[in-house]
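To keep things clear, I will list the structure first and then write my remarks on it.
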Amino acid sequence: MEEITPFEYNSQLVVDSRLIAQELGVQHNNFMQLIYNYQIEAEKEFGIYLFQTEKLSGRGRPQKYVLLTEDQ
């Protein structure tokens, strides 16, 4: 297992949800669905999720992901 290294975004240490899904061995879409299912409860306890959209250079649908803090 590789260590997931957090990075700074808006003065917070965060981790990309795609890396977490990869480390857990689950599809990112399934992991995002879990985040959406518990979003209201988790945001009340741990703060607002930082949703992002991947910028594509070509055609296709951009992928949505979330930057998570350690508590989240």
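The values are calculated or read from the model by the stated rules, or taken from the named source; none is laboratory data. If you're wondering where the values come from, they're calculated on a predicted model, not measured in any experiment. Cβ coordinates were reconstructed from backbone atoms using ideal geometry, including for glycine residues, and neighbour counts include every protein chain displayed. Calculation scope for accessible area: heavy atoms of the full protein, side chains included, ligands and nucleic acids excluded. Shrake-Rupley method; radii C 1.70, N 1.55, O 1.52, S 1.80 Å.
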field: Cβ-Cβ FRET estimate between residue 23 and residue 51, R0 fixed at 25 Å, reported to 0.05
entry: 0.80
field: Normalised per residue, the volume of the convex hull around the Cα set of the chain (Å³)
entry: 110
- request: Mind checking the per residue accessible area of the chain for me, 1.4 Å probe, whole number of Å²?
  value: 81
- prompt: Using alpha-carbon pairs under 8 Å, 6+ residues apart, how would you state the relative contact order of the chain in percent?
  reply: 33
field: Within-13-Å neighbourhood charge of residue 54 [Cβ basis; K, R +1; D, E -1]
entry: +3
query: To the nearest 0.05, what FRET efficiency results for residue 34 and residue 9 with a Förster distance of 22 Å applied to their C-beta separation?
result: 0.55
query: Using alpha carbons only, how many degrees (0 to 90, rounded to 10) separate the axis of helix 28-37 from the longest principal axis of the chain?
result: 40
message: Please report the net charge: other residues with Cβ closer than 11 Å to the Cβ of residue 13, K and R +1, D and E -1.
response: -3
- line: Non-local residues with an amide H under 5 Å from the amide H of residue 50, with H modelled 1.01 Å from N and Pro and chain starts lacking one, are 67
- prompt: Using a probe of 1.4 angstrom, how much of the accessible area of the chain is carbon and sulfur, in percent?
  reply: 48
